[in-house]
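The structure appears right after this line, and notes come after that.
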Amino acid sequence: MSETIPSYCRACEGFCGVQLKVQGGRITEIDGDPLNPFSAGHLCPVGQATIEEPHAEGRPLRPRKRVGTEWQEVEWDQAISEIGASMAKLRREHTRGIGLYAGPELAFDHRGAIRAAAWALGSGTPNLFSPLAMYGASRLRAVESIVGAAVPLTSDVGRAHYTVLIGSDQQEARWGPLQSGTIHTQAQDYFRKRRQGTKLIVDLLKSHSGVNPDRVIIDHVEEHTIQAVLDQGFWAGITLYPDSKSSPPRAVDMLEICGRERIWLNSACDWGISDPLAVPKTAIEMRHRGYSAEFVDQILFQNPVRFLSQCPKFSVPVT
Ligand code: SF4
């Protein structure tokens with residue numbers, strides 16, 4: 001037997017009223033609630049898609065912790081205390097390296113602005129990003145006066161070292177299909193241009209029959225371009241910066257996803273802020289995550305040796 005339950009949509013801060021048909025403990029239909037005084041029966045495509053949310057296969061219901069290359073379910077208390085400890089450590093060591101991305105709730109909901117301000121104050125970071133539109137300007141000014149720093153109108157998640165998503169990883173939880181649109185279009189533009197540029201280079205090189213991909217390193221790869229480079233047989237160069245492009249933690253993230261073959265790491269030394277010790281710092285990051293000395297050696301030494309040894313003039317001095 002089915003029953004109809006009035007509720008409201010959580011997919012954005014419109015909180016439109018919905019009527020849910022529930023049968024056997026499962027939601028079978030979702031409709032706009034004509035009795036809701038605010039939305040009067042309106043339900044946008046995102047709201048309609050939320051019917052998939054509660055029963056989505058693989059939807060994480062408990063926190064998961066990365067241990068080496070595996071994910072383990074942990075208790076909420078453990079997750080919260082460990083995240084708190086990590087945030088405290090980050091705050092001590094890299095206060096300005098923490099960025100808080102506050103989603104569109106900042107624009108619609110004054111409670112979102114207060115929550116974001118509380119997080120920013122707690123973490124001590126002045127880096128608060130939001131997709132806030134001009135119609136939320138008054139709240140923006142209020143948040144700025146609380147935080148004591150300018151709040152950029154655009155997010156920069158593509159370059160942030162750490163992004164704290166309060167509540168859930170929306171992509172991972174498979175919420176409504178447009179939920180991931182909270183990543184601002186500026187960041188998406190950045191990703192798109194980087195992908196296009198990499199594809200251009202890869203296609204150009206592949207169109208020349210005389211080019212052996214195994215003898216080519218395409219440098220400055222990032223998370224959204226590395227796989228396209230490796231898939232075509234090229235070497236991927238990860239240039240390490242302390243504050244932009246690939247930081248040591250992001251580089252190790254890429255290794256965890258893409259494996260250890262045909263990847264080369266180097267530290268930047270250019271017009272941006274550079275760190276000549278970025279490579280050893282990446283080795284330390286690998287060891288912190290539990291990777292063996294042999295793994296570190298392959299990435300940082302054996303891989304470059306293998307690549308450079310393709311030149312007959314190259315040899316490693318015997319010590
Ligand atoms: S996602 Fe659509 S249906 Fe849901 S609250 Fe927002 S506007 Fe309303």
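Kirkwood radius and radius of gyration were both taken over the C-alpha atoms of the range 212-308, and their ratio Rg/Rh is 0.93.
A simple spin-label model places pseudo-atoms 7 Å from Cα toward Cβ; at Lys21 and Leu308 they are separated by 6.9 nm. Using every pair of alpha-carbon atoms in the range 3-52, split the distances into 5 Å bins beginning at 0 and state the percent of pairs per bin, rounded to integers. Going out from 0 Å in 5 Å bins, the range 3-52 shows 5, 25, 34, 23, 10, 2 percent. Pairs from the list Lys65/Lys89; Lys65/Lys281; Lys199/Lys281 with a Cα-Cα gap above 25 Å: Lys199/Lys281. Per-peptide packing, taken as the mean over residues of other Cβ atoms within 10 Å, places 226-237, 277-288, 207-218 in the sequence 226-237, 277-288, 207-218 from highest down. Label-to-label distance, His55 versus Glu294, with points set 7 angstrom from Cα along the beta-carbon direction: 4.8 nm.
The slack between Ile217 and Gln196, meaning 0.36 nm per residue of separation minus the straight C-alpha distance, is 5.8 nm.
Computed from the coordinates by the stated procedures, all read-outs in this text should not be read as laboratory data. The model shown is predicted, which means the values in this text are computed figures rather than measured ones. Heads up, the Cβs are rebuilt from the backbone with ideal geometry, glycines too, and the neighbour counts pull from every protein chain shown.
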